[in-house]
Amino acid sequence: LIMSLAMWKWTCLVSHLLLSTTVSPLGRQQPLHPKRPFITFTGDQAEGNFNHLVVDERTGHIYLGAVNRIYKLSSDLKVLVTHQTGPDEDNPKCYPPRIVQTCNEPLTPTNNINKMLLIDYKENRLIACGSLYQGICKLLRLDDLFKLGEPFHKKEHYLSGVNESGSVFGVIVSYSNMDDKLFIATAVDGKPEYFPTISSRKLTKNSEADGMFAYVFHDEFVASMIKIPSDTFTIIPDFDIYYIYGFSSGNFVYFLTLQPEMISPPGSTTKEQVYTSKLVRLCKEDTAFNSYVEVPIGCEKNGVEYRLLQAAYLSKAGAILARSLGVGPEDDILFTVFSKGQKRKMKSLDESALCIFVLKKINDRIKDRLQSCYRGEGTLDLAWLKVKDIPCSSALLTIDDNFCGLDMNAPLGVSSMVRGLPIFTEDGDRMTSVIAYVYKNHSLAFVGTKSGKLKK
């Protein structure tokens, strides 16, 4: 449960502790320890920011990804183990990294910024990916953070050259009778020839296996990846896809993104750059990535557009919310935070909205789009992938809820935006993070704000 970790600097207030409260019959929150201060943990201030946090749902242990450190904490924030990840001699222009091949660029002591932290429950290990050496990952034993493996010899071991902590998102797809998969989504920082923006990788049982992080499928023509064409950068020089959140549900893996595009404002003959929030969907079993579909999402209230995605969280509807939405209590609901407008990605406006989406309704919109495209209607509507409009091709086939694409009409974009239901707005203190869960049939959301406040 992560509440704006990038903004917290060196004092970490772990939001899951705030769930240790009771709710009175009247719905008022009753603190268990009204005079007890929040438990805090302060790291070594010489190092830098905390970047990511994951909680082991079985033990309550907390794993904290920081600059040059991975911490394992007890549930009351006592340090159990520390693992050092940097700094080390590096240069971002070294590709492959100098640990594989001699580099002519000057090497300097470089911090290792944690970019992704995932618990692999099946193999009892932590996947910790950093910014050193074009973005390689360590596999650490959960018990003592002992390094089980650190693949770095192959091209696919380098995930991204971006140094920002929010530049990579991973989703593990687990199987009972075979190796798991890791779907990786990452900003590429103008290096599409080196890094795919989305790919699926092998998570082998043996952390030192040669195939660890290899693409699930790769031959001369097809691979389990999506790459941004270099031509796209001639149209939008600073183009990149920023991944805000990811999850799996049913037969699909989803990523919520923010990406630039060029639009023509009404009455104008010139184009301007804006940012569009989009949901990306892929089939878990699609090794060729023919199932790639993206659909724009946003929110509107009282004529105000909220289009810049800040955070998201997947939860269940619960009986009471489900009844008002006309869905089942176990249906997946996306809680999302958007800031106002769609022009200022790096400096979002403080006006923000908490909105909810029914995942089934987004999937229904995607199915409608697939059906129309396979009837030969319209174009693929993904200018950033194909640079030019490519017409949809007609094919006689039945497209059901779990259709995973063919080697035609892919990748595909949905042109019309799916609008979320706004349930709360904040004008002065921008909302930056959200978690949600169901308690006694009620849906509860916790929202973190720019100034460090927590709203329930």
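The values are calculated or read from the model by the stated rules, or taken from the named source; none is laboratory data. Values in this document were obtained by computation on a predicted structure and should not be read as measured data. Please note: Cβ atoms are built from the backbone with ideal geometry, for glycine as well, and neighbour counts cover all protein chains shown. Only protein heavy atoms, including side chains, enter the accessible area calculation; ligands, DNA and RNA are left aside. Shrake-Rupley method; radii C 1.70, N 1.55, O 1.52, S 1.80 Å.
Ignoring ligands, DNA and RNA, what percent of the accessible area of the stretch 225-277 is carbon or sulfur (1.4 Å)?
Numbers: 1180 of 2250 Å².
After summing per-atom areas, the C and S share lands at 53 percent.
Give the accessible area for F152 in Å² (nearest 10); use a 1.4 Å probe, count only protein heavy atoms, and leave out ligands, DNA and RNA.
Taking all protein chains as shown, F152 has close to 50 Å².
Taking the Cα centroid of the stretch 154-232 and of the stretch 99-151, what is the distance between the two, rounded to the nearest whole Å?
Here the answer is 14 Å between Cα centres.
Using +1 at the Cβ of each Lys and Arg and -1 at the Cβ of each Asp and Glu in the stretch 408-456, identify which of N409, G420, T449 lies farthest towards the dipole's positive end.
Positive-most Cα among the choices belongs to T449.
How large is the dipole of the stretch 190-310 about the Cα centre if only Lys and Arg carry +1 and Asp and Glu carry -1, each at its Cβ, rounded to the nearest 20 debye?
Details: 11 positive and 15 negative charges, 75 e Å.
Around 360 debye, computed over the stretch 190-310.
So, for the stretch 98-192, what is the accessible surface per residue at a probe of 1.4 Å, expressed in square angstrom? It would help to have the intermediate numbers written out before the result.
Working: 3810 Å² over 95 residues.
Per residue, the stretch 98-192 has an accessible area of 40 Å².
For the chain, what is the mean residue ellipticity at 222 nm derived from helices alone (per DSSP H run of n ≥ 4: -39500 (n - 2.57); sum divided by total residues; nearest 500 deg cm²/dmol)?
-2000 deg cm²/dmol
Let me cross-check H442: its accessible surface, 1.4 Å probe, with only protein heavy atoms counted, in Å² to the nearest 10?
Surface accessible to solvent at H442 totals approximately 90 Å².
Which entries of K202/K227; K154/K343; K138/K455 show an alpha-carbon separation above 27 angstrom in the structure shown?
Details: K202/K227 18 Å; K154/K343 38 Å; K138/K455 35 Å.
Beyond 27 Å between Cα atoms: K154/K343; K138/K455.
Applying a 10 Å radius around every beta-carbon, put 295-305, 279-289 in order of their mean neighbour count, most first.
Numbers: 295-305: 16.9, 279-289: 20.7.
Highest to lowest by the protection proxy: 279-289, 295-305.
Tell me, what HN-Hα J-couplings in whole Hz come from the Karplus equation 6.51 cos²θ - 1.76 cosθ + 1.60 at θ = phi - 60° for each residue of the stretch 199-214, using x for Gly and Pro?
Values, residue by residue: 8, 10, 10, 7, 10, 6, 4, 7, 5, 9, 5, 4, x, 4, 6, 5 Hz.
Rolling a 1.4 angstrom probe over the protein chains, ignoring ligands and nucleic acids, what is the accessible area of M408 in square angstrom, nearest 10?
Probe radius 1.4 Å; accessible area of M408 about 50 Å².
Leaving out same-chain residues fewer than 8 places away, which aspartates and glutamates sit with a Cα under 18 Å from that of K115?
E47, D88, D90, E150, E156, E164, D189, D240
Ignoring any ligand, DNA or RNA, what whole percent of the accessible area of the stretch 282-386 comes from carbon and sulfur when the probe is 1.4 angstrom?
Values: 1970 of 4180 Å².
Of the solvent-accessible surface of the stretch 282-386, carbon and sulfur hold 47 percent.
Given charges of +1 on the Cβ of Lys and Arg and -1 on the Cβ of Asp and Glu, with all other atoms neutral, how large is the dipole of the chain about its Cα centre, in debye to the nearest 20? Can you show the working numbers first?
Details: 52 positive and 50 negative charges, 291 e Å.
That gives a dipole near 1400 debye.
Less than 9 Å Cβ to Cβ from I172, Lys/Arg counted +1 and Asp/Glu -1: what total charge do the surrounding residues give?
Values: positive: K122, K181; negative: D120, D180.
Overall, the nearby charge balance is 0.
Only loop residues by DSSP count here, and only those with at most 14 other Cβ atoms within 10 Å; note down the trypsin sites (Lys or Arg not before Pro) in the stretch 66-111 that meet that. Don't skip to the end; give the middle numbers.
Details: sites: R69, K72, K78, K93, R98; in loops: K78, K93, R98.
Filter output for the stretch 66-111: K78, K93.
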